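Values quoted throughout were computed directly from the atomic coordinates according to the rules given, and no laboratory measurement underlies them. Here the structure is a predicted model, which is why all the values come from computation and not from measurement. Ideal geometry is used to build each Cβ from the backbone, glycine not excepted, and the neighbour counts take in all protein chains shown.
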Amino acid sequence: MSPAPAPARKLRVATTSLAGCFGCHMSFLDIDEHLFELVELVEFDRSPLTDIKDVGPCDIGLIEGGVCNAENVHVLREFRRHCKTLIALGACAVNGGLPAQRNHLPLSECLREVYQFRPGLDNGQIPNDPELPLPLDKVRPIHEVVRVDYFLPGCPPSGPAIWKFLTDLIAGRTPRLANGLLHYD
Amino acid sequence: MSALPATPTAALDGVLQRHGHCPTELLQILIEAQDLEGWLPAQTLTHIAQSLHIPRSRVEGVAGFYSFLYTQPVGRYRVLFSDNITDRMLGNTELMDALCRKLWIEPGKLSEDGLVSIATTSCTGLCDQGPAMLVNGRAIGQLTHRRINEIAEMIRQQRPLELWPAEYFQIGDNIRRKDSLLNLDMKPGAALAAVIELGREGWLQEVQKSNLRGRGGAGFATAVKWASARNASGEPKIIVCNADEGEPGTFKDRVLLNSYADLVFEGMTLAAWAVGASEGFLYLRGEYRYLMPQLEAVLTRRREAGLLGHHILHEPCFDFDIRIHLGAGAYVCGEETALIESLEGKRGTPRIRPPFPVTKGYLGRPTVVNNVETLAKTCLIALAGGEAFAASGTAQSAGTKLLSISGDCAEPGIYEYPFGVPIARILEDCGASDTQAVQVGGASGVCLAGYEFQRRIAYEDVPTAGAFMIFDGSRDLFDVARAFVHFFAHESCGFCTPCRVGTSLLQGFMDKLADGHGAKADLADIDWLDRLLKNASHCGLGSAAPNPVIDTLQKFRPAYERRLVSLDFEPAFDLDAALAEARQLTARDDPGAHLHTHEEEEK
Ligand SMILES: Cc1cc2nc3c(=O)[nH]c(=O)nc-3n(C[C@H](O)[C@H](O)[C@H](O)COP(=O)(O)O)c2cc1C
Ligand code: SF4
Ligand code: SF4
Ligand code: FES
């Protein structure tokens, strides 16, 4: 694929990890030397790569991970509000992924198992500090909570897949991953 | 139900024996084995697998595929409410609730004493006399609260089905308009004698001249199909009569089998003569099992009259006989390659085509699959010639068509018309008023709005396998489309991903709208799913599944739009309720322990 023609202005990109493992972000860094090309084309808003705490108006938002608690909902909504294009990045954001394994158990069972019944935890209590976000009864893929524009599957999607996806998007092409880049793992 | 011999295994061995321990008979064996105890316990499946020398997984795979085979206990009285949209319009939901209440059980669950289980099933082909149900496979129509009360009482008293009032099981033909086929009063064997006179080649030419096209939906030229099978190599060749009639709203094949069975079997024999086939199957949907005894009797009579078997009508090279194979509640088995798989005793998974059945069908042999009505029609051609047949109807649609009319009209039933009849004329004849829409061709057909009622029934305009469901001004076309989407999601065979996942996603969106969580964004997603299903599905079930939605979205869009609560996006679930369990576990109720469904309310 020819390098993307530079857009008139740098696009603003925000990224975040909700109920994810940061594996997708690591994969993003795996685009290696393309990172230099990328910073020519985009600038970063809120992201683990920057120190910005609140997301502002952006062109592209990349969401890793599904939605497992109230805070995830707030962050996700903020991203949706500020990003013209919102992308579900990786299996967790697309389907709920590994964290959604808990969905077939009642939440109470999960929490009791972890905080009360684990050996060595006598008198354990389920944390109830108002500072902590409450977990949802089920882990949701992000498209069940906000409108999502694109889905990039894979656990994680490979660096080249992410690079292809972003360069397509930046160049104004509808992102399209050929066979080799598309994985549903 | 057959009488119980001494021990179940002896009875089971009897079943296996009767079917010659033949794996291609697996489905028939399972159906009969189930008659012994009402369901298929694990040891029965094991015993069958061992006796047939096939893997147990295969037996389980087949038993798990068909909805009328049960690998979990069901009630000694097994009640299935027909759940087509027309049954719903006649109040089946309320009747089912009433029966459940009276018998103290929940739908889909077995009563603790094992007496009764109640659930729904897809259209049972009694749309002209609904609401309908099957009790242990026997059909009962015209359900009313009174009948439901009586049925509850008889079940409670454990009265055997044979002692239930006979009028319960009377299924009417409701023939309202007859034309050439339904007026035909043929002496059995007359058509056969005529074609033997013509010779095989001459007979095939008559069929070609008649321009007869298949009545099962696709409208394929019958002569071309027969000639291909005839020219294909491989023996013995097979004629299959497709009596799966699973399309919601269709019941004309039921009436032909009930009152015109000789025409159907004679048609199969006419096909055998043209093709040079020696084996025939009638694939009868499980819902019509109650027709078995009388159909077997007709076959016996025909054998005795020399119309089946060896040297038919003394013709030295004409051997042909017919066996009836039962289906077990799977709409997809109406698709001809799935039907053939099912005939071979397997799961009804549609095959990849080509090869087509005419060259490689049942057990790899050349096989003709024709609809019941198509085959019956060939008698007309045999008796009066191809040209006479081609003279009625329209340019591309010769002859007449049976329509199964149901829904909002005064006189539901069977109507036979020459092709080319306008929709408006049909509506008038059956006493429909204030008609808002007509669903022609069943769930997979087309939904016509008022401005289209001048269109005509014909392959070149509105093609149909025969269903004609009428909806008047009091109906909500969204509910209609949603019921059909549920049907397809339920009947998807699960073989290919676009249909397996696509139909259930589509169902999710329709339910989301119905539950009051609809958003404009959903309509875009529905459009996308419609296209995906249409283009990527492996068989006709998946590609037709979005039809009801495509049509109603185009013609009755406000029925969708009035259900939208957001012009953008709306979750399908209540976010705050999703935190309720965590709130309870932590005894929290501070503002941070809540979420608003709409973001704007957060601030
Ligand atoms: C999902 C599906 C269900 C079908 N169901 C039936 C059916 O119940 N009866 C029928 O005759 N054809 C049915 N068909 C059409 C058959 O595949 C086949 O075309 C037909 O039996 C051929 O007979 P004909 O040429 O006489 O019409 C179905 C097709 C599909 C895709
Ligand atoms: S998709 Fe895989 S790599 Fe990405 S957050 Fe989920 S688990 Fe981690
Ligand atoms: S389209 Fe549906 S019914 Fe047909 S093969 Fe695929 S899953 Fe089965
Ligand atoms: S059986 Fe009731 S509508 Fe078909």
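Please turn the phi angles of region B:44-49 into ³J(HN,Hα) values with the Karplus equation 6.51 cos²θ - 1.76 cosθ + 1.60 (θ = phi - 60°), one per residue in order, whole Hz, x for glycine and proline. Those phi angles translate into 5, 4, 4, 4, 4, 4 Hz.
Considering all different alpha carbon pairs of region B:281-325, the Kirkwood hydrodynamic radius works out to 11.3 Å.
Taking the charge dipole of region B:122-253 about its Cα centre, with +1 at Lys and Arg Cβ atoms and -1 at Asp and Glu Cβ atoms, the residue from B:N136, B:S122, B:V207 reaching farthest to the positive side is B:V207.
Find the eigenvalues of the gyration tensor of the Cα atoms of region B:406-549, then list the square roots of 5 times those eigenvalues as equivalent ellipsoid semi-axes, largest first, in whole angstrom.
That gives 29, 18, 12 Å for the three semi-axes.
In straight-distance terms, cross-link reach from A:K53 covers every one of the aspartates and glutamates whose alpha-carbon lies under 12 Å from its own, apart from those fewer than eight places away in the same chain; here that gives A:D45, A:E78. Rg and Dmax of the protein assembly as shown, both derived from C-alpha coordinates alone, stand at 30.6, 95 Å. Taking N as the residue count of region A:81-185, its C-alpha radius of gyration divided by 2.2 N^0.38 Å amounts to 1.44. Built from the Cα atoms of region B:177-390, the convex hull projects on average onto 10.8 nm², one quarter of its surface area.
Peptide B:518-524 has a mean of 1 when you count, residue by residue, the C-beta atoms of other protein chains within 10 Å of its C-beta.
Among beta bridges identified by DSSP and lying wholly in the protein assembly as shown, the antiparallel ones come to about 35 percent.
For B:K209, list the lysines whose Cα falls under 22 Å from its own Cα; do not include residues on the same chain fewer than 8 positions away. Answer for B:K209, where 22 Å is the Cα cut-off: B:K225, B:K377, B:K401, listed by chain and number. Take every DSSP beta bridge whose two residues both sit in chain B, then give the antiparallel share in percent to the nearest 5. Taking every DSSP beta bridge with both residues in chain B, the antiparallel ones total about 45 percent. Calculation over all alpha carbon pairs of region B:293-357 in 10 angstrom steps from 0 returns a P(r) of 20, 30, 30, 19, 0 percent.
Dividing the convex hull volume of the alpha-carbon atoms in region B:6-63 by its residue count gives 66 Å³ per residue. In whole percents, the pair-distance distribution calculated for region B:77-171 from its alpha-carbon pairs, binned every 5 Å from zero, is 3, 15, 29, 28, 18, 7, 1.
As a proxy for reagent exposure, ranking B:F281, B:F488 by other Cβ atoms within 10 Å from fewest up yields B:F281, B:F488.
Sorted into 10 angstrom bins from 0, the C-alpha pair distances of region B:478-566 split as 20, 55, 23, 2 percent.
Amide H contacts for A:N69 (H built 1.01 Å from N in the peptide plane; partners 5 or more residues away or on another chain; cut-off under 5 Å): A:L136.
Quick one: plug the Kirkwood hydrodynamic radius of region B:321-447 (C-alpha pairs) into Stokes-Einstein at 10 °C, 1.306 mPa s, and report D in µm²/s. Rounded to a whole number, D works out at 91 µm²/s. Overall shape of chain A was characterised from the C-alpha gyration tensor. The equivalent ellipsoid obtained from it has semi-axes of 34, 17, 14 Å, in decreasing order. Nearest 10 degrees is fine. How inclined is helix B:372-384 to the longest principal axis of chain B, computing both from alpha carbons? Helix B:372-384 sits at roughly 30 degrees to that axis.
Note on B:E304/B:L383: beta-carbon distance plugged into 1/(1 + (r/R0)^6) with R0 of 25 Å gives a FRET efficiency of 0.65. Computed over chain B, the P(r) tail beyond 42 angstrom holds 25 percent of alpha carbon pairs. The 3J(HN,Hα) values that the Karplus relation (6.51, -1.76, 1.60; θ = phi - 60°) gives for region B:334-340 are, in residue order, x, 5, 4, 7, 5, 4, 5 Hz. Gly and Pro appear as x. The label point for B:S433 and the one for B:A391, both projected 7 Å from the Cα toward the Cβ, are 4.0 nm apart.
If each DSSP helix of 4+ residues adds -39,500 (n - 2.57) and the sum is divided by the residues in the protein assembly as shown, what number results at 222 nm, nearest 500 deg cm²/dmol?
-11500 deg cm²/dmol
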